[in-house]
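Notes for the one structure printed next.
The values are calculated or read from the model by the stated rules, or taken from the named source; none is laboratory data. None of the values given here were measured: they were computed from a predicted structure. For neighbour counting, all protein chains shown are included, and Cβ atoms are generated from backbone atoms with ideal geometry for every residue, glycine included. Heads up: the accessible areas ignore ligands, DNA and RNA and are worked out on the full protein's heavy atoms, side chains in. Shrake-Rupley method; radii C 1.70, N 1.55, O 1.52, S 1.80 Å.
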Amino acid sequence: MKKVIVIVGPTGVGKSDISLRLAKQFNNEIISGDSVQVYKKLDIGSAKLLDTQGVTHHLIDILEPNEEYSVCDFQNCVRSKIEEIDRPLIVGGTGLYVKAALYNYEFDGNKRDFEFEKQYDNVDNEKIYDELMQIEPNSKVDKNNRNRLLRALMMAKMDMPLSSRNKKDEPLYDDLIITLNADRDVIYDRINRRVLKMIDEGLVSEVKGLLEQNIRVKAIGYSEIYEYLDGKISLEEAISLIQKNTRHYAKRQLTWFKNQMNTVEIDAFDNAYDKISSLVDSFYKTEVRKAGISDLDEIESLLKDVLENMRSNNEDYWNELYPKIEDFKNDILNGDGLVITYLGKVAGYIKSSTNNDLGIDNIGDYYLGRLMVSPHIRKSFLATILFNYCFRRFKGKYVMLVDKKNLKAQAFYDKIGFVKKGLVKQYNKDMYIITRDVK
């Protein structure tokens, strides 16, 4: 599968700067994942990067402001670019667009029917929702999203219900999605200052130029300035509204990335570039796949390295009695073993099974165990890439056991979203049950 790197995050968090550095280091071409930057003349308000530092960018300034551009259009454009580019790097904050490009989303291709929508101009969302439920009771549509609600009703009346559409959480690429995040107060402060900078750079003049061409854009930063130019609010009120609306948008972005995309989260202001650079470097050098019997010799060698490393650090989480190479062989025969190779050599392993053999109650969908990574490959994020592979492909509740004394492992699992659910006795040790729900 084609390897695709993706950098997402809330507006103003610093995605552009990091993506430029990555692109220059790893010879990437950047695909914009922004739903506004595709339009010409929307420069300041969309925070377009004017100095690309010689890095090739795609899907910027490809449409006139009055042209339609749907998530389906974006999906087709991005997938085409991914095939053309040797090392694609998608950067943006429009979560639905990015996910639709990477996953097996299928769209019907029908455009908006404004004549159909006009029939409901004087009908509130509640009544539209009730009508939809009469036709398609299995529809899962936010009744507060009017455009989506009307589209669902239109499709249902055409006997093409959205609930029957083949929209799978099935990745099409070997992707690594990284979310740049930071403390909310830091993000909000950066947003407030960024809006003031846009004003200084001439946002009002940009919007005024659009108005002179009879162009009105429904996007944060533009809608508020239109109101100011229409004489409805003062410039100070418009600025305050842009700041507030952008902050709310950033909050929605983070919620989407957390609940919909299962990304690797990196603090944007804690040595972010070095961490991301190391992660991306390892990602390009690794492959996660089903383990085979032919891998057993390398798995056994890796197990010896791990046990020796534990002994040298006075750790007794594993020993010569557990796990044994026979345990890994049984995993492989059952189809439950995954290996991660680094430059072609087995450097990590994890068991992921739908069968609960942990000696605890059946509380999950996937039971993980026997995680090990090479102690000789430092700061390589091998465990992170292994878990990312699982979370991106198999949705449900994951369950693991972790030694109560293994504080380092507990810190790692906490960082990637596991929570403690109880304590059990296993392998003559006190073990925490930890779980994570992957949607």
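Looking at V55, V4, which is the one that is assigned to a strand (DSSP E or B) and at negative phi? Please lay out each step first, then the result.
Details: V55 fails: assigned to a strand (DSSP E or B).
Result: V4 is the single residue among V55, V4 that is assigned to a strand (DSSP E or B) and at negative phi.
Condition first: within 14 Å of I90 (Cα to Cα) and of a type in the set (A, V, I, L, M). Now tell me which residues in the range 20-63 satisfy that.
L20, L22, A23, I30, I31, V38, V55, L59, I60
Given the condition open to solvent by 30 Å² or more (accessible area, probe 1.4 Å), of a type in the set (A, V, I, L, M) and assigned to a helix (DSSP H, G or I), answer yes or no: does some residue in the range 275-284 qualify?
Keep residues of the range 275-284 that are open to solvent by 30 Å² or more (accessible area, probe 1.4 Å), which gives 275, 278, 281, 284.
So of that shortlist, the ones also of a type in the set (A, V, I, L, M) come out as none.
No; the residues of the range 275-284 include none that is open to solvent by 30 Å² or more (accessible area, probe 1.4 Å), of a type in the set (A, V, I, L, M) and assigned to a helix (DSSP H, G or I).
So V207 clears everything in (1) of a type outside the set (S, T, Y); (2) in a helix (DSSP H, G or I); (3) modelled with pLDDT under 95 except one condition, right? Which one?
With (1) of a type outside the set (S, T, Y); (2) in a helix (DSSP H, G or I); (3) modelled with pLDDT under 95 applied to V207, the lone miss is (3).
Which residue is most open to solvent (accessible area, probe 1.4 Å), if the candidates are limited to the range 227-250 and must be assigned to a helix (DSSP H, G or I) and of a type in the set (D, E)?
The residue in question is E236.
What's the total number of residues in the range 278-305 that are out of contact with any helix residue (DSSP H, G or I) (no Cβ under 8 Å at 6 or more places or on another chain) and among the acidic types (D, E)?
4
For the range 9-45, what are the residues that are part of a loop (DSSP other than H, G, I, E, B) and among the acidic types (D, E)?
Quick first cut of the range 9-45, residues part of a loop (DSSP other than H, G, I, E, B) only: 9-14, 27-28, 33-38, 40-45.
Answer for the range 9-45, where residues must be part of a loop (DSSP other than H, G, I, E, B) and among the acidic types (D, E): D34, D43.
Every residue in the range 64-92 that is surrounded by 15 or more Cβ atoms within 10 Å (Cβ to Cβ), farther than 16 Å from F26 by Cα and either in contact with a strand residue (DSSP E or B) (Cβ under 7 Å, 6 or more places away or on another chain) or of a type in the set (G, A, S) (or both), please.
P65, Y69, S70, V78, K81, G92
Being open to solvent by 90 Å² or more (accessible area, probe 1.4 Å) and of a type in the set (S, T, N, Q) is the filter here, so list the residues in the range 127-141 that pass it.
Correct list: Q134, N138.
Could you please give the count of residues in the range 290-311 that are of a type in the set (D, E), closer than 18 Å to R378 by Cα and open to solvent by less than 80 Å² (accessible area, probe 1.4 Å)?
Here is the first cut: in the range 290-311, the residues of a type in the set (D, E) are 295, 297-298, 300, 305, 308.
With closer than 18 Å to R378 by Cα added as a condition, the list becomes 305, 308.
Okay, now just the ones that are also open to solvent by less than 80 Å² (accessible area, probe 1.4 Å), so 305.
Adding up the residues that qualify gives 1.
Provide a single number: the residues in the range 166-186 that are within 14 Å of A268 (Cα to Cα) and touching a strand residue (DSSP E or B) at 6+ places or on another chain (Cβ under 8 Å). I'd like the intermediate steps shown before the answer.
Within the range 166-186, the subset within 14 Å of A268 (Cα to Cα) is 178-186.
Retained after the next criterion (residues that are touching a strand residue (DSSP E or B) at 6+ places or on another chain (Cβ under 8 Å)): 178-182.
Final tally of qualifying residues: 5.
Among the helices (runs of 4 or more DSSP H) contained in the range 312-418, which hold 2 or more residues that are under 20 Å from M431 (Cβ atoms) and open to solvent by 30 Å² or more (accessible area, probe 1.4 Å)? Let's see the steps before the verdict.
Details: elements: 325-333, 382-393, 407-415.
Because the criterion is at least 2 residues that are under 20 Å from M431 (Cβ atoms) and open to solvent by 30 Å² or more (accessible area, probe 1.4 Å), the helices (runs of 4 or more DSSP H) in the range 312-418 that meet it are 407-415.
A quick yes/no check of all residues on (1) within 27 Å of R190 (Cβ to Cβ); (2) outside any helix (DSSP H, G or I); (3) free of Cβ contacts under 8 Å to residues at least 60 places away in the same chain; (4) not polar (S, T, N, Q):
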| position | (1), (2), (3), (4) |
| --- | --- |
| L50 | yes, yes, yes, yes |
| E68 | no, yes, yes, yes |
| N76 | no, no, yes, no |
| K81 | no, no, yes, yes |
| Y97 | yes, no, no, yes |
